[in-house]
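Colleague: Quick one: the structure is below, and I'll ask about it shortly.
The values are calculated or read from the model by the stated rules, or taken from the named source; none is laboratory data. Not measured: the values here are computed from a predicted model. Accessible surface is based on the protein model in full, side chains and every heavy atom, while ligands, DNA and RNA are left aside. Shrake-Rupley method; radii C 1.70, N 1.55, O 1.52, S 1.80 Å.
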Amino acid sequence: MSSDELELRLSQIRDKKLATEVRRFLLNLFLLFDGNPPPHIQSYITEIMDVLEAKRVPAPVRLRL
């Protein structure tokens, strides 16, 4: 997945805080592999993005103690 495609998919996530955290995680992952993760890591990245796009992020749970 190219960085442009990744940025496009991240921009479509409604929860901007989650998108920022995922972007930070993936940037560190790409840096770990000098910008070119192995194919099995790339498939995990695609799976993560598919899950984030398919699911709506639930509202935070508030517990009363």
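Colleague: Among the residues of region 21-30, is there at least one that is polar (S, T, N, Q), open to solvent by less than 70 Å² (accessible area, probe 1.4 Å), under 13 Å from the mean Cα position of the chain (by Cα) and modelled with pLDDT of 90 or more?
Modeller: Initially, region 21-30 is screened for residues polar (S, T, N, Q), giving 28.
Okay, now just the ones that are also open to solvent by less than 70 Å² (accessible area, probe 1.4 Å), so none.
Checked against the condition, which is being polar (S, T, N, Q), open to solvent by less than 70 Å² (accessible area, probe 1.4 Å), under 13 Å from the mean Cα position of the chain (by Cα) and modelled with pLDDT of 90 or more, region 21-30 yields no hits at all.
Colleague: I would also like to ask the following. Step by step: first the residues of region 4-20, then only those that are closer than 16 Å to E47 by Cα and open to solvent by 90 Å² or more (accessible area, probe 1.4 Å), then the one that is modelled with the highest pLDDT. Which residue is that?
Modeller: Applying the filter and picking the extreme gives L8.
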